[in-house]
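Asker: So that we are looking at the same thing, I have put the structure below in structure tokens.
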Amino acid sequence: MRTSESTPHRVLGAHAFRGLRTVEHVFTVPLDHGDPDGEQIDVFAREYVSATHPVDTAGRLPWLVFLQGGPGGRGARVTSLSGWMKEAAKDFRILMLDQRGTGLSTPADRSTLPLRGGPADQAAYLAHFRADSIVLDCEAIRRALGSEPWTVYGQSFGGFCALTYLSIAPHGVREALITGGLAPLDGPAERVYRATYARLAERNAEYFAWYPDDRARVTAIVEHLRGVDERLPDGSRLSPERFQLVGNLLGGNTRVDSLHYLLEDAFTRGPSGVRLSDGFLGQVHATVTRAPNPLYAVLHESIYAQGEASGWAAWGVLDEHPEFRPDAADPLLLGEMVCPWLFEQDPALTPLAETARLLAEKADWGSLYNPGRLAENSVPVAAAVYRDDIYVDRGLSLETAGRVRGLRVWETADFHHDGITDDGEGIFARLLTMAREG
């Protein structure tokens, strides 16, 4: 029988540029870690090391594995060390994963998933793409690299994965650092959206207080889209509800201002009258399409599901918040809500609509967390909780923090969900110090 210690591993190449060295790794792991002799998939990872370390010294640095947000996002591609990576590279070799299904790992998208068979076959395949499988990939990779327990740094969904790591393989973790990513340890998913809809409403109000003219502009755009067929660059229609997804930009300190710049030149006038400008439509498309990360939409609510169906939770809870409905008089902007209509309107998702429905109805998801083990946790953990985070609710985060033994919290209102973009160096250094002093 294959074991994680015998995980096939190959190096694709190594490069040096702009003060860093990179090595490209591919690891072959079981699709189902419960069946190590069954189907295999590839997981790609890129190693980053500061060129300030001599080659022989760099090879002895401890590893840090970064688990990015998502789900369904590939690892960051960087051309120079900056932010948290610049700080971390002083003491670590950084391993940036393309989590299974993304980037250069064995892909899972509208082109490849039909090769699995029909929607039921696709859903069964994707059931192996949650945090528990990602963590077991990490453990197989850690052993293949010959690493001692390593440092895990999780941002957003990556923080969810870090909690799963501490639940099922704490022996592989030296210390865990989490930013904007303390997941609720139990369901249902509706409790997440009840909290985040309320926080998102507050963020809408805050934004429109800063930019009062944008309140009327958003309403005007929605009213325009109710009566005029506007098309995005991929040919799909921009509906009022799809436009509302630009509210994703509300989840950051700096991105929130880019929303204002997006809205300011929405309209133009030509021979056919008032229309939405090409520049506006192009920027909206880049914000709302799921073509680069379809698994984000397909698997999003499953990250909260344990022993029950997610059941399009965000769509159901919307009825409790009519101010977000596209037919409201002055509709608010949406955030990370994935609703079934998205699979009818986004061409990257349309072929996966039935697969997504089956996953939403799946009621036998396994547990992602072990509350008993977390209550007895002995691994140093430090987490940044952003007070006004519209994606990962403060109250639910602090509830989880109280259930993980030894977890040290830094709560701050200085940053939003993208805090590591604003001050990555400072946040990383602070959390590492907290974990090691704890």
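Asker: Roughly how many debye, to the nearest 20, is the charge dipole of region 189-361 about its Cα centre, given +1 on each Lys and Arg Cβ, -1 on each Asp and Glu Cβ, and no other charges?
Answerer: That gives a dipole near 200 debye.
Asker: Counting other Cβ atoms within 10 Å of each Cβ, which trypsin sites (Lys or Arg not before Pro) in region 1-70 have at most 13 and sit in a DSSP loop?
Answerer: Answer by residue number: Arg18, Arg60.
Asker: Using the beta-carbon distance between Arg408 and Arg373 and R0 = 25 Å, what value does 1/(1 + (r/R0)^6) give for FRET efficiency, to the nearest 0.05?
Answerer: Efficiency computed from Cβ-Cβ geometry: 0.85.
Asker: Ratio of Rg to Rh for the chain, alpha carbon only, Kirkwood?
Answerer: 0.97
Asker: From zero outward in steps of 10 Å, how is the percent of C-alpha pairs of region 257-323 spread across the bins?
Answerer: P(r) over region 257-323, rounded to whole percents: 16, 27, 32, 19, 6, 1.
Asker: Taking a cut-off of 15 Å, what percent of all Cα-Cα pairs in region 70-169 are separated by more than that?
Answerer: 68
Asker: Compute the normalised compactness of region 189-361: alpha-carbon radius of gyration over 2.2 N^0.38 Å, N being the residue count.
Answerer: Numbers: Rg = 16.1 Å, N = 173, 2.2 N^0.38 = 15.6 Å.
Region 189-361 yields a ratio of 1.03.
Asker: So, one more: Quick one: net charge around Thr412, please, counting Lys, Arg +1 and Asp, Glu -1 for every other residue with C-beta under 12 Å from its C-beta.
Answerer: -3
Asker: Across region 309-320, in residue order, what do the Karplus-derived ³J(HN,Hα) couplings come to in whole Hz, using 6.51 cos²θ - 1.76 cosθ + 1.60 with θ = phi - 60° and x for Gly and Pro?
Answerer: Computed from phi, the couplings for region 309-320 are 6, 6, x, 6, 4, 4, 5, x, 6, 4, 4, 7 Hz.
Asker: Just the Kirkwood number for region 124-188, please: inverse of mean 1/r across all distinct Cα pairs, in Å, one decimal. Don't skip to the answer; put the middle values down first.
Answerer: Numbers: mean 1/r = 0.0822 Å⁻¹.
Radius from the Kirkwood sum: 12.2 Å.
Asker: Quick one: among Asp91, Asp42, Asp418, which has the greatest mean-square fluctuation in a GNM of the chain with alpha-carbon springs under 10 angstrom?
Answerer: Asp91
Asker: Is any residue of region 173-190 close enough, with backbone N under 17 Å, to a label point placed 7 angstrom from the Cα of Glu308 along the Cα-Cβ axis, and if so, which?
Answerer: 184-190
Asker: Based on C-alpha coordinates, I'd like the Rg and Dmax of region 268-394, in Å.
Answerer: Here Rg and the maximum Cα pair distance are 19.1, 69 Å.
Asker: Let me ask you something else. Can you tell me what percent of all Cα-Cα pairs in region 1-131 are more than 21 Å apart?
Answerer: The answer is 47 percent, as a whole percent.
Asker: Nearest 10 degrees is fine. How inclined is helix 157-168 to the longest principal axis of the chain, computing both from alpha carbons?
Answerer: Orientation of helix 157-168: about 40 degrees from the principal axis.
Asker: Tell me, what HN-Hα J-couplings in whole Hz come from the Karplus equation 6.51 cos²θ - 1.76 cosθ + 1.60 at θ = phi - 60° for each residue of region 211-223, using x for Gly and Pro?
Answerer: Couplings: 10, x, 5, 6, 5, 5, 5, 4, 4, 5, 5, 4, 4 Hz.
Asker: Taking 8 Å as the Cα distance limit and 6 or more residues as the minimum spacing, I'd like the relative contact order of region 189-361 as a percentage.
Answerer: Over region 189-361, the number comes to 28 percent.
Asker: Using Cα pairs under 8 angstrom and six or more residues apart, how large is the relative contact order of region 74-155, in percent?
Answerer: RCO, region 74-155: 19 percent.
Asker: Could you work out the Rg to Rh ratio of region 374-414, with Rh taken as the Kirkwood radius (inverse of the mean 1/r over all Cα pairs)?
Answerer: Radius of gyration over Kirkwood radius for region 374-414 works out to 0.99.
Asker: Continuing with this model, one more query. If amide hydrogens are placed 1.01 Å from N in the peptide plane, which non-local residues have theirs closer than 5 Å to the one on Ala384?
Answerer: Placed amide hydrogens put Ile178, Thr179, Gly180, Trp410 under 5 Å from Ala384.
Asker: Using only Cα atoms, locate the centre of region 19-48 and the centre of region 224-242, then give the distance between them in Å, rounded to an integer.
Answerer: Each part reduced to its Cα centre gives a spacing of 40 Å.
Asker: Pull up all non-local amide H partners of Gly101: gap of 5 or more, or a different chain, and H-to-H distance under 5 Å with H placed in the peptide plane.
Answerer: Answer set, sorted by chain and number: Thr106.
Asker: Multiply the residue separation of Arg226 and Arg18 by 0.36 nm, subtract the distance between their alpha-carbon atoms, and state the gained length in nm to one decimal.
Answerer: So the chain would gain 69.9 nm between Arg226 and Arg18.
Every number here is computed from the coordinates shown, using simple stated rules; none is lab data. From a predicted model like this one, the values you see are computed outputs, not experimental measurements. Cβ atoms come from the backbone with ideal geometry, glycine included; neighbour counts cover every protein chain shown.
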